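Single-structure report; data block below.
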């Protein structure tokens, strides 16, 4: 399956990212858009995992460096949306 | 007067079950932890102790180590952290291979999906020192933390490394042991190819029909403390590391040196270091891999070192009911030895039916054997030998 064949929108990306963060082991009820990665206990290794899974599963090419300045979940989603070409 | 090293906690995860009690009681009951030709820790459930996040940041060998360490630390009663300044508490854990399962999985990812898909957790999962790193973080140990790797004697040498620094005064306490989780098909192929693995999938050390060992996984961890510090805090002392001996065959990268001279030197050194003689030994937990070469060289070495006394000392091999735990073996077997001495009950060599007379006169333990009580506690000896020619002997006193 090529990346072009994936169908995704803001909602599906949002849902995917939240699920990924939960699967990393973060408690679901602590995750919100304005929660910072630090507060959630996510470190640089987690961010690399997140970027890999977005690239692999959503076909949106996001590298760890793209997320280097992201502080909150909102920031992460904004980077992914931008990389996906969402307007 | 020399600083003495006592054991205040033990923990084990083995194919006989989770816990140092399961190890002992399973072994003396004649239970066999090996199924399908491999000794797997089927009862092990990492989630009983570790959060999902913690567990996914550890290879299985490291999970086994942390769970065994938790048992040992709880038994030691380190409720508010270590009983000495954190910098004076060391952590040395042996492993022969490290995170092999992680290495195999990520190499597969690398080959099928490319370098960009290799997990960022690969290095912290597979590195041999992951176990001591996680144990030090979990229990607040700030002294020297290291992995020790001498193949199948790693766990035993890690115990000695901890005992040595407590004796020397560099440390007041240490968490030591060994961990291994290398029972993959690839590991099996490696050891089968080297000729050490039993082609029949049975492990019967000392038997006339023995044809090699079986792979097993597990971890054994001990809390060691300087005796006065343990006594001052009112710790329940399980036993004492009386002494040790370590030598090298300087002979061959896999085969033991057949005269047993270097291995005998390790046993003699351990007796001298402990201030005991052969007649003081109530039980021997042999390295006993069940290969033709090991059992012959080991019994020769024991005879050289202990003389005629050897024939009267009960001897058995834990590997007969767990498989060979590689880098964890020496630590798990030190715990099995200590448990045998504490309970004054020597576990049998599982499955031994035709003792090999070519090994000379030995008192094999075929069913659990009661050890006579002695003043101050029974003394036992455990051997470990590793590919590379490592000979390691530890002398332990058990407190009832």
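The values are calculated or read from the model by the stated rules, or taken from the named source; none is laboratory data. Fair warning: this is a prediction, and the values are worked out from it, not measured in the lab. All Cβ positions, even for glycine, are placed from backbone atoms using ideal geometry, and neighbour counts span all protein chains on display.
Listed values, structure above:
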{"read-out": "Scope the stretch B:321-361; condition more than 16 Å from residue B:282 (Cα to Cα), assigned to a helix (DSSP H, G or I) and touching a helix residue (DSSP H, G or I) at 6+ places or on another chain (Cβ under 9 Å); matching residues", "value": "B:321, B:322, B:326, B:327, B:328, B:329, B:330, B:331, B:332, B:358, B:359"}
{"read-out": "Residues that are under 27 Å from residue B:67 (Cα atoms), within 14 Å of chain A (Cβ to nearest Cβ) and in a helix (DSSP H, G or I), drawn from the stretch B:105-125", "value": "B:106, B:122, B:123, B:124, B:125"}
{"read-out": "Any chance residue B:102 is crowded, with 20+ Cβ neighbours inside 10 Å and within 14 Å of chain A (Cβ to nearest Cβ)", "value": "yes"}
{"read-out": "Residue in the stretch B:17-29 that is within 14 Å of chain A (Cβ to nearest Cβ) and either without any contact (Cβ under 8 Å) to a residue 40 or more places away in the chain or closer than 30 Å to residue B:370 by Cα (or both) present", "value": "no"}
{"read-out": "Yes/no for residue B:261 being surrounded by fewer than 23 Cβ atoms within 10 Å (Cβ to Cβ), modelled with pLDDT of 95 or more and more than 30 Å from residue B:44 (Cα to Cα)", "value": "yes"}
{"read-out": "Counted residues, the stretch B:307-325 - those being more than 8 Å from the chain's Cα centre (by Cα) and crowded, with 24+ Cβ neighbours inside 10 Å", "value": "10"}
{"read-out": "Residue tally, condition in a loop (DSSP other than H, G, I, E, B) and more than 20 Å from residue B:96 (Cα to Cα), over the stretch B:221-250", "value": "6"}
{"read-out": "Those helices (runs of 4 or more DSSP H) lying entirely in the stretch A:2-87 with at least 3 residues within 14 Å of another protein chain (Cβ to nearest Cβ) and either at pLDDT 95 or above or within 25 Å of residue B:113 (Cα to Cα) (or both)", "value": "A:10-24, A:44-58"}
{"read-out": "Scan of the stretch B:202-232 for residues that are surrounded by fewer than 23 Cβ atoms within 10 Å (Cβ to Cβ) and farther than 18 Å from residue B:168 by Cβ, ordered by number", "value": "B:202, B:207, B:208, B:209, B:211, B:231, B:232"}
{"read-out": "Residue B:293 in contact (Cβ under 8 Å) with a residue 12 or more places away in the chain, farther than 23 Å from residue B:158 by Cβ and part of a helix (DSSP H, G or I)", "value": "yes"}
{"read-out": "Search result, residues across the stretch B:74-95 that are in a loop (DSSP other than H, G, I, E, B) and either in contact with a strand residue (DSSP E or B) (Cβ under 6 Å, 6 or more places away or on another chain) or surrounded by fewer than 17 Cβ atoms within 10 Å (Cβ to Cβ) (or both)", "value": "B:77, B:79, B:80, B:81, B:82, B:84, B:85, B:95"}
{"read-out": "Where a residue in the stretch B:42-60 is in contact (Cβ under 8 Å) with a residue 60 or more places away in the chain and at the interface with chain A (Cβ under 8 Å from one of its Cβ atoms) and its partner, wherever it lies, is surrounded by fewer than 15 Cβ atoms within 10 Å (Cβ to Cβ) and in a helix (DSSP H, G or I), with Cβ under 9 Å and at least six apart", "value": "B:56/A:23"}
